[in-house]
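The values are calculated or read from the model by the stated rules, or taken from the named source; none is laboratory data. This one's a predicted model, so the numbers in the text were calculated from it and none came from an experiment. Please note: Cβ atoms are built from the backbone with ideal geometry, for glycine as well, and neighbour counts cover all protein chains shown.
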Amino acid sequence: MGHHRPVAATDGPGTWHHGIVARYWAEFNEATAAELAYLRAAIARSGEPVLDVGCGAGRLLLPLLADGIDIDGTDLSADMLAYARVGAERLGRRPALEPQANHELDLPRRYRTVIAIGAFGIGGRRDRDLGMLRRIHAQLEDGGALIMDQELATARSDDSWLRWLPAHQAWTPREFEDRDPRRTSDGDEIELDTRLVAFEPLEARHTLEIRARLVRDGALVAEELGELSESLYLVPEIRLMLEVAGFRDVRVEGPFTGEPATARDTTVVFVAQR
């Protein structure tokens with residue numbers, strides 16, 4: 001049985017989107033109708049070509065590609081990009097799909113629109129997240145737009161906020177739990193469980209660990225562990241980072257609504273112009 005221990009996410013940006021997890025994302029993560037309608041309208045306004053930063057297995061890239069949109073993608077995970085490449089080939093398209101960390105974007109092409117959905121805040125450090133915004137700014141044509149979403153630090157409604165308080169900082173990670181698996185298109189089953197393993201209030205950052213299990217014919221054939229460090233943000237800090245990176249006319253909208261964000265929104269969309 002394959003088994004992989006996580007590597008501490010201290011020297012470089014980490015991702016768990018490899019191996020079994022990449023297969024799970026490719027099989028089961030689909031774009032919502034609201035996301036696609038919003039992005040199609042945004043691209044119609046700001047234009048093509050488009051770059052999907054953190055495109056993964058092509059959750060958004062492939063349906064937009066099927067629309068005939070000129071779109072490329074980047075992702076830190078070569079495994080995820082392999083699934084995106086296969087999906088693009090099925091559409092008869094060959095977009096540029098580059099394995100690059102978000103804060104190291106360096107592409108020969110410039111874009112009218114850059115989308116970064118579910119891609120911000122996972123560089124492991126704030127300087128990398130700011131570096132990502134600066135690199136995106138450099139990849140945009142003058143007048144181009146960045147469309148970026150972010151789940152806010154206020155998103156959780158459980159007792160997560162208590163961990164910020166000194167009296168509640170002594171805690172230990174829970175044990176992994178068996179979860180209901182999902183059946184893949186070829187009959188395998190994949191089970192995922194995610195747990196919090198580190199919380200750093202001074203850095204406003206937490207680290208999550210995932211356990212991915214692959215079951216075939218009732219037998220566990222592979223198990224993989226991975227880590228992901230996320231920086232926790234509120235709106236004012238991200239708006240300031242966008243301005244520091246060179247963006248202007250920053251708007252903060254509700255989650256793929258096109259309307260101004262409200263205090264009840266736990267995920268927001270930033271629209272920023274170069």
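Could you say whether any residue in the stretch 141-152 is assigned to a helix (DSSP H, G or I) and over 17 Å from residue 228 (Cα atoms)? No, the stretch 141-152 contains no residue that is assigned to a helix (DSSP H, G or I) and over 17 Å from residue 228 (Cα atoms). Condition check: without any contact (Cβ under 8 Å) to a residue 24 or more places away in the chain and of a type outside the set (Val, Ile, Thr). Does residue 94 satisfy that? For residue 94, the condition - without any contact (Cβ under 8 Å) to a residue 24 or more places away in the chain and of a type outside the set (Val, Ile, Thr) - is met. Just to be sure I understand, how many residues within the stretch 238-256 are more than 19 Å from the chain's Cα centre (by Cα) and in contact (Cβ under 8 Å) with a residue 60 or more places away in the chain? The number of residues fulfilling the criteria is 4.
The number of residues in the stretch 262-274 being buried (at least 18 other Cβ atoms within 10 Å of the Cβ) and assigned to a loop (DSSP other than H, G, I, E, B) comes to 2. Looking at residue 119, is it touching a residue at least 60 places away in the same chain (Cβ under 8 Å) and surrounded by fewer than 17 Cβ atoms within 10 Å (Cβ to Cβ)? Here the answer is no, as residue 119 does not meet what is asked. No other residue among 167, 153 is of a type in the set (Gly, Ala, Ser) and farther than 30 Å from residue 254 by Cβ apart from 167. For the stretch 160-198, filtered to residues that are among the aromatic types (Phe, Trp, Tyr) and outside any helix (DSSP H, G or I), the residue that is nearest to residue 20 (Cα to Cα) is 176.
Which of the residues spanning the stretch 227-236 are surrounded by fewer than 15 Cβ atoms within 10 Å (Cβ to Cβ) and under 19 Å from the mean Cα position of the chain (by Cα)? 234 - this is the single residue of the stretch 227-236 that is surrounded by fewer than 15 Cβ atoms within 10 Å (Cβ to Cβ) and under 19 Å from the mean Cα position of the chain (by Cα).
Checked against the criteria, residue 215 counts as outside the structural domain of residue 145 (by TED's automatic domain parsing) and either within 30 Å of residue 186 (Cβ to Cβ) or β-branched (Val, Ile, Thr) (or both). Sub-6 Å Cβ pairs linking a first residue in the stretch 168-186 that is over 23 Å from residue 25 (Cβ atoms) to a second residue that is assigned to a helix (DSSP H, G or I), at least 6 apart or interchain, are 168/162, ordered by first then second residue.
Summed over the stretch 162-177, residues that are loosely packed, with under 12 Cβ neighbours inside 10 Å and within 25 Å of the chain's Cα centre (by Cα) total 2.
Each row is one residue, and each column tells you yes or no for (1) surrounded by 13 or more Cβ atoms within 10 Å (Cβ to Cβ); (2) modelled with pLDDT of 95 or more; (3) β-branched (Val, Ile, Thr); (4) in contact with a helix residue (DSSP H, G or I) (Cβ under 7 Å, 6 or more places away or on another chain).
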{"position": "192", "(1), (2), (3), (4)": "yes, yes, no, yes"}
{"position": "210", "(1), (2), (3), (4)": "yes, yes, yes, yes"}
{"position": "225", "(1), (2), (3), (4)": "yes, yes, no, no"}
{"position": "238", "(1), (2), (3), (4)": "yes, yes, yes, no"}
{"position": "247", "(1), (2), (3), (4)": "yes, yes, no, yes"}
{"position": "252", "(1), (2), (3), (4)": "yes, yes, yes, yes"}
{"position": "260", "(1), (2), (3), (4)": "no, yes, no, no"}
